[in-house]
Amino acid sequence: MLAELLQGTETGGFLLIKDSCSYSGRRLLRSFIKAALNREEPVHVLGFENSEEELKDELKTTQRLHFHNAYSDPLGWTDNPAFTVQRFCFEELARLVRQTSHPKPATLVIDSLSWILRHVGPPAVCRTLQQLKKGGAVRAVIGLLHADVHQRGTVGSVCHLATSVITVAPGMKGDEAVAKITRRSKSGKVTQDGEIFSIKEDLTVTVQTKASHPGHKQTDPEEQQTDPTANLTFNLRLSVTEREAKEKLALPFVFSKEKKTALLHSGQGSGQILYEPDANDDFDQEDPDDDLDV
């Protein structure tokens, strides 16, 4: 599935690479940039966390690559900033892309969304991403998100907008990494897969095995279920012997088959209640509901 995504993100798609401090997804992001350039597609990069020189030095190519410098002055403290976080809106991004004419639609790469989310409200960022998906300004959007920097709700909101989410984590070997891939089709169907991959010096991605292979299975910390009985001073769990004794216990309000039969079909000698009216009993022969008859 990772190789399929590298061949080309669908039109109107939003690919999100989610990493953490344990493994950086930036080299995988640059592999997607290089794959798009190799397909002769124009790529616009919003660079907040790395310089243009560093990116071009690793890509080894500059054709059809348009770098918008948000690294030197991201907050606009100087007189002539190149690109700032305040300009991250649909109208401004569409204007930047239209400045360069290409026969093929462009791909917008955001490095990274975490920098923008730290200075712009998540609702505004999500609204811009949604407009980019539907507005036709770019062919596709590829973003990098540092999941351990934000609250879980913020990460979940951005992931919900993405058509594909690649969560990367370190593998068993030094040059290996694990990619957990979640894809959402236009019909709403969600598919998940896991793969072991490595990235060569030329940013070529090699998919090795499935992540479900023994010894390579990784668990996303966000998806781990919390045990409510952990760290308690008393035990809420039953042992095997206690569970068997509980199942054999006859509860007083549960009638067995024999008990039901005895109650419904009383035999001779069963108790009876006999009542003889007393002379002093107060009986009213009139029907108290006569006045209700119509």
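The values are calculated or read from the model by the stated rules, or taken from the named source; none is laboratory data. These numbers come from a predicted model, not from an experiment. No Cβ is skipped: glycine too gets one built from the backbone with ideal geometry, and neighbour counts run over all protein chains shown. What goes into the accessible areas is simple: the full protein's heavy atoms, side chains included, and nothing from ligands, DNA or RNA. Shrake-Rupley method; radii C 1.70, N 1.55, O 1.52, S 1.80 Å.
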Rounded, prolate or oblate: which fits the range 1-91 when a ≥ b ≥ c are the square roots of the eigenvalues of the alpha-carbon gyration tensor, with rounded for a/c under 1.5 and prolate only if a/b beats b/c?
prolate
Which number do you get for Rg(Cα) / (2.2 N^0.38 Å) in the range 81-164?
1.08
Whole-Å distance, taken between Cα centres, linking the range 114-153 and the range 90-112
15 Å
Any chance you could check the Cα centroid distance between the range 165-185 and the range 8-83 for me, in angstrom?
20 Å
Quick one: the Cα spread of the range 41-80 along its three principal axes, in angstroms, biggest first?
32, 18, 13
Modelling each spin label as a point 7 Å along the Cα-to-Cβ direction, I'd like the T204/E49 distance in nm, to one decimal.
2.7 nm
In whole Hz and in residue order, list the ³J(HN,Hα) couplings for the range 235-250 that follow from phi through the Karplus curve 6.51 cos²θ - 1.76 cosθ + 1.60, θ = phi - 60°; x for Gly and Pro.
9, 9, 9, 9, 6, 4, 5, 5, 5, 5, 5, 5, 5, 7, 5, 8
To the nearest 0.05, how large is the calculated FRET efficiency for T261 and N38 if R₀ is 51 Å and r is the Cβ-Cβ distance?
0.05
Accessible area per residue, 1.4 Å probe, Å², for the range 67-122: what's the number?
53 Å²
Potential lengthening between L75 and F90 on full extension [0.36 nm per residue; Cα-Cα distance subtracted]
3.6 nm
Please identify which residues in the range 121-161 have an amide N closer than 16 Å to a label point set 7 Å out from the Cα of K104, following the Cα→Cβ vector.
138-142
Karplus-derived 3J(HN,Hα), 6.51/-1.76/1.60, for each residue of the range 95-111, Hz, glycine and proline x
5, 4, 5, 6, 5, 10, 9, 9, x, 9, x, 8, 10, 9, 10, 10, 10
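Among the listed pairs K189/K210; K134/K189; K133/K210; K60/K134; K34/K180; K18/K186, which have their C-alpha atoms separated by more than 25 angstrom in this model?
K133/K210; K60/K134
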Of the listed peptides 88-94, 14-20, what is their order by residue-averaged count of other C-beta atoms within 10 Å, with the highest listed first?
14-20, 88-94
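Can you give me the % of accessible surface on the range 91-201 that is carbon or sulfur? Probe 1.4 Å, all protein chains present, nothing else counted. Provide the component values of the computation, followed by the final result.
Values: 2740 of 5350 Å².
Heavy-atom surface of the range 91-201 belonging to carbon and sulfur, 1.4 Å probe: 51 percent.
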